[in-house]
């Protein structure tokens, strides 16, 4: 039966739609909704390319505007049956305690992020949408035997927010180009608290990473009930930033296919990151080169306007 992943072309932002169907049911999952200007694009895509134009599960990965900005539009225009979202009010004191290690700019961004996510939660609650906090081990059953599992963060890790595990403590011989990737980890606590999601379907594993960093991945690998090695499909984290994945982790995940949502400048994606995925034998595709990306299993009707995507070259251009 058909299984689809649509990564919409929204620049340095995320909006991903998963669709799984069997003979009796169609199931739609939305992971994030891009910036505020992207809300209509998400709504139109669901209305145009799904049958029931509803969302069975909304996953909000973390609080940044490029992930939650489009949600007010989506929440107002499409029926949503359940939401996975962390409630920042529970952890407000831990976030404020970051003032001892954060810059003023980071603190201001954290304050805006908390405000934006709190607003989204209020909108979800006002519409009576059931919500759960997506900690490691939380599951969601889909049609045709597909299972969605939250691989990270654990509740303990999320409550800390700031990264506690450093990828640089793992000693290994780095490959060529790896020195161009910053192995010291993404320092943004919100990125490192991103929800890491795994979908298992038809013997394959699909890994959705949001803006998670090396510390997040090491924690997920250690605690996830689903093995995160040798995945079939993977989202390159944080639009291909050089601080969010290491050669060690790429070798561990070893994806056959990877998608990246980015604008295509030198940072997003970083060419060294793309090369490391390619050297691991992975075919890499970018929204900035091919537009909205569509991955599917099973027979599907043709989509007018969609063409076969072109993999990125070794310079990520």
Checklist entry - In what order do 126, 272 fall by count of nearby beta-carbon atoms within 10 Å, going from fewest to most? => result 126, 272
Checklist outcome for this item: When all Cα-Cα pair distances of the stretch 189-288 are considered, the percent exceeding 24 Å is 13 percent
Checklist outcome for this item: Taking R0 as 45 Å and r as the Cβ-Cβ distance between residue 76 and residue 251, the FRET efficiency 1/(1 + (r/R0)^6), rounded to the nearest 0.05, comes to 0.55
Checklist outcome for this item: Expected unfolding gain across residue 266-residue 115 under the 0.36 nm per residue rule, minus the alpha-carbon gap, is 51.3 nm
Checklist entry - Full extension from residue 300 to residue 156: what is 0.36 nm times the residue separation minus their Cα-Cα distance, to one decimal in nm? => result 47.7 nm
Item to check | Inter-label distance for residue 87 and residue 123, nm, one decimal - labels placed 7 Å from Cα along Cα-to-Cβ | outcome: 2.0 nm
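Values in this text are rule-based calculations from the coordinates and carry no lab data. Just so it is clear, the structure is predicted and the values come from calculations on it, not from any experiment. For neighbour counting, all protein chains shown are included, and Cβ atoms are generated from backbone atoms with ideal geometry for every residue, glycine included.
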